[in-house]
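Notes follow once the structure below has been shown.
The values are calculated or read from the model by the stated rules, or taken from the named source; none is laboratory data. From a predicted model like this one, the values you see are computed outputs, not experimental measurements. Please note: Cβ atoms are built from the backbone with ideal geometry, for glycine as well, and neighbour counts cover all protein chains shown. Surface accessibility is based on the protein's heavy atoms, side chains included, excluding ligands, DNA and RNA. Shrake-Rupley method; radii C 1.70, N 1.55, O 1.52, S 1.80 Å.
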Amino acid sequence: MSKIKFFCLPHAGGSASVYLPWSKTITHNVEFKPIEYPGRGYLAKEHLCSTINEIVDAVFETIISMLDKDEEYVIYGHSMGSLVTYELTYKLMENGFKKPLHLILSGGKAPQRRTKKKDGHALPLDEFEEFVSQYGGKQIDMIFQNEELKNYFIPILRSDIKIVEEYIYQPPEYLLNTNISILIGEDDESTSWEDIKEWSDITTGECQFYYFKGGHFFVQEYKSDVLKEINNIIDSITEYSY
């Protein structure tokens with residue numbers, strides 16, 4: 001039997017490359033598939049997306065090129081990736097694909113908590129740098145300290161943040177019935193417990209919460225701890241799926 005596909009969706013400003021270090025550690029029970037968004041990485045020549053629908057459509061097309069309708073899969077998404085995962089799951093199911101065996105989400109508010117519009121993406125450069133820096137992370141610091149990286153990544157960051165800020169939650173006709181695991185950075189100031197706990201309201205399945213040291217990018221800061229838990233989650237799923 002073919003392995004379960006494990007799709008990983010990056011954060012705002014991120015690329016599939018952020019997941020490449022996982023390939024050496026991720027459980028052998030899955031076929032590891034980091035997903036690239038348009039406008040970066042090997043899709044750098046494509047136009048950046050400007051709405052949630054555009055980025056979901058792009059990711060959908062990428063995934064269905066790798067996934068048959070009878071295949072099992074798991075999706076992981078961090079921050080913006082968690083929001084894309086939520087919308088993508090509905091699109092996959094509505095197009096005849098199985099429901100995911102599991103969703104693993106981190107660093108993001110539940111979609112129904114993303115109702116307040118902001119304009120951080122449109123701030124002048126110095127204010128935008130301060131706005132983005134609140135999320136912390138070595139990658140953010142590195143981008144703003146290097147002129148070449150800054151010129152490359154600022155348009156990507158602005159585009160992705162615009163997608164998140166302009167997202168309008170539409171109550172679905174039906175809830176998901178997939179089990180969900182939510183990974184939380186104990187010092188992540190970008191989300192509150194009220195923002196996170198409502199992930200349990202989007203599904204009739206089980207929703208479990210896992211805490212880790214670190215801030216918004218705890219997934220990178222404490223990679224070994226996070227991957228250990230992700231592997232445990234996936235292994236417990238795949239044990240009953242073959």
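Condition first: over 21 Å from residue 164 (Cβ atoms), open to solvent by 30 Å² or more (accessible area, probe 1.4 Å) and of a type in the set (Gly, Ala, Ser). Now tell me which residues in segment 179-199 satisfy that. Within segment 179-199, no residue meets the criteria. For first residues located in segment 24-42 and more than 19 Å from residue 2 (Cα to Cα) and touching a residue at least 40 places away in the same chain (Cβ under 8 Å), partners that are of a type in the set (S, T, N, Q) and open to solvent by 10 Å² or more (accessible area, probe 1.4 Å) and lie 6+ apart or on another chain with Cβ distances below 6 Å form the pairs 40/15. Set side by side, the residues 159, 236 differ, and just one is hydroxyl-bearing (Ser, Thr, Tyr), under 30 Å from residue 72 (Cβ atoms) and not in a loop (DSSP other than H, G, I, E, B), which is 236. Taken over segment 138-170, the criterion of being within 16 Å of residue 217 (Cβ to Cβ), open to solvent by 100 Å² or more (accessible area, probe 1.4 Å) and free of Cβ contacts under 8 Å to residues at least 12 places away in the same chain is satisfied by 142 alone. Restricting attention to segment 1-52 and to residues that are under 15 Å from the mean Cα position of the chain (by Cα) and among the polar types (S, T, N, Q), the residue that is surrounded by the most Cβ atoms within 10 Å (Cβ to Cβ) turns out to be 15.
All conditions in (1) buried (at least 18 other Cβ atoms within 10 Å of the Cβ); (2) within 30 Å of residue 98 (Cβ to Cβ); (3) touching an Asp or Glu at 6+ places or on another chain (Cβ under 6 Å) hold for residue 219, with the sole exception of (3). Taken together, 173, 130 contain a single residue that is in a helix (DSSP H, G or I), among the acidic types (Asp, Glu) and either in contact with a Ser or Thr (Cβ under 7 Å, 6 or more places away or on another chain) or open to solvent by 80 Å² or more (accessible area, probe 1.4 Å) (or both), which is 130. Suppose the filter is aromatic (Phe, Trp, Tyr), at pLDDT 95 or above, surrounded by fewer than 23 Cβ atoms within 10 Å (Cβ to Cβ) and out of contact with any Cys (no Cβ under 9 Å at 6 or more places or on another chain); does residue 90 pass it? Spelling it out, residue 90 is indeed aromatic (Phe, Trp, Tyr), at pLDDT 95 or above, surrounded by fewer than 23 Cβ atoms within 10 Å (Cβ to Cβ) and out of contact with any Cys (no Cβ under 9 Å at 6 or more places or on another chain).
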